[in-house]
Amino acid sequence: MAILPAPARPRAELESEPAPCAARSEVWQGSRGEKLEVWIPPALLLVAWSVGWIAEQTWMPGDTVLWALVPTGVILLVRVLLEKLLRRSRPGARPLVMLYVLHLVLVAIGTLLNPMTCIYTFVGYIDSQRFLTGGTAQAVVVVTALLCAVGQLGGVQVVLTEVWFFIGLAVVNMLIAVCMMFLAGERERILDQREQALTEIDRVNRENAQLHEQLMAGARRAGADEERDRLSREIHDTVAQGLIGVIRQLEMVGSDVDPASRQHLAIAEEAARDCLLEARRAVEALGPHQLHDTGLVEALSALVARWARTHRVVATFDADEAPWESRHGHVLVRVAQESLANIARHAGAGTVTATLLGDEKTTILRIVDDGRGFEPGAVERGHGLSNMVERARRVDGRLEISSAPGQGTTVTATVPR
């Protein structure tokens, strides 16, 4: 007895995904938003210096803005290096952190020399998410808020005289930064969920495609088997039976014919017998492909095992009392195929038992399931049940179906050995 346990449902594992930031960088890179992130900060830096220079010429006396050109130029150079380094490494990498700290120092110097640098300093909120991670990014947000407050008040001299106003302005800037970081985090979370949803959809689509291929392959095999079965029946019921009739008629010819005619009759009878032999070989060749290279027991065992794996049902095949061979094995294989197909479609069974046994005269295949069952008299017989009955009848066998609602179904096929 071979017990074929239902295999566990295959757990489709997600393919190794890139880290969220890496996945977003691939999508973000080359987009319009990515280009704006690269080009807007340098433009704001130039605008900040220009506004500072105009303000110094009109209502802000002093000569420090001109000196601010030095850190401004260096900041532009550092930004170029930051962008190049970002394309080669991940946010938070040590070289990026060190280079951005230098950038922040230059921004602080620029703010001291030109308070209008706060126009550019604002991009620190965005840079903290692009170039840095974790606590370093949070520290940059705090420093950026303080530098913005210094510039908004008009420089260090005003800060020293309006300390509380500076603190309040810095708190407002930090609150704005926190809100921006929260929104950015929400955006990242939504993007992550979308990436995961797309990955899941792709996985489901691949599974559906595989199932579709399996169904199509099964349908093709079923169609081919049905056509082979039809051809086998046609040859058996027409050609073979016709040849048998011809041979019987030739055998009934009397012995009173002349020797020449008797010789022709013998040749005709021999030719008819040869054709009948070929017809029977064709019928055997058109039988189930499972029997081509194996015996009946092996064919049924493989059939039940494959069905159990496909439909995830516990199936048991018992062939301990099976005969060594049966000349109508193809009928039993077809009955097993149709019975198992009906169980998969209608029964909702948890376990199935297939038993092959026999004696000196008959071979019996019994298939039992614990499914929902049915009332045999109340169910109209479709092609499947009719085909099973017809196959058994053609070889002088019989098919019995025993079932009741809620008590499963038993199909018993008996054929001559």
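Annotations
- Residue, modelled with the highest pLDDT, within segment 306-331, restricted to residues that are surrounded by 20 or more Cβ atoms within 10 Å (Cβ to Cβ) and under 23 Å from F374 (Cα atoms): A315
- The set of residues from segment 332-348 being modelled with pLDDT of 85 or more and small (G, A, S) comprises A336, S339.
- The residues listed here are L96, L112; of these, the one that is surrounded by fewer than 21 Cβ atoms within 10 Å (Cβ to Cβ) and modelled with pLDDT of 80 or more is L112.
- Filter result for L77 (under 25 Å from S50 (Cα atoms), modelled with pLDDT of 85 or more and among the aliphatic types (A, V, I, L, M)): yes
- Scan of segment 121-148 for residues that are outside any helix (DSSP H, G or I) and closer than 13 Å to A184 by Cβ, ordered by number: L132, T133
- Of the strands (runs of 3 or more DSSP E) lying entirely inside segment 309-417, the ones with 3 or more residues being over 25 Å from Q214 (Cα atoms) are found at 351-358, 362-369, 398-403, 409-416.
- If the condition is being closer than 16 Å to S128 by Cα, buried (at least 16 other Cβ atoms within 10 Å of the Cβ) and either of a type in the set (F, W, Y) or assigned by TED's automatic domain parsing to the domain that holds D127 (or both), then segment 147-192 contributes L147, C148.
- R221 being closer than 22 Å to V331 by Cβ and either in contact (Cβ under 8 Å) with a residue 60 or more places away in the chain or in a helix (DSSP H, G or I) (or both): yes
- Criterion (part of a helix (DSSP H, G or I), modelled with pLDDT of 75 or more and either under 30 Å from N387 (Cβ atoms) or in contact with a helix residue (DSSP H, G or I) (Cβ under 6 Å, 6 or more places away or on another chain) (or both)) met by exactly one of E200, E227, E207: E227
The values are calculated or read from the model by the stated rules, or taken from the named source; none is laboratory data. This one's a predicted model, so the numbers in the text were calculated from it and none came from an experiment. Cβ: placed from backbone, ideal geometry, glycine included. Neighbour counts: every protein chain shown.
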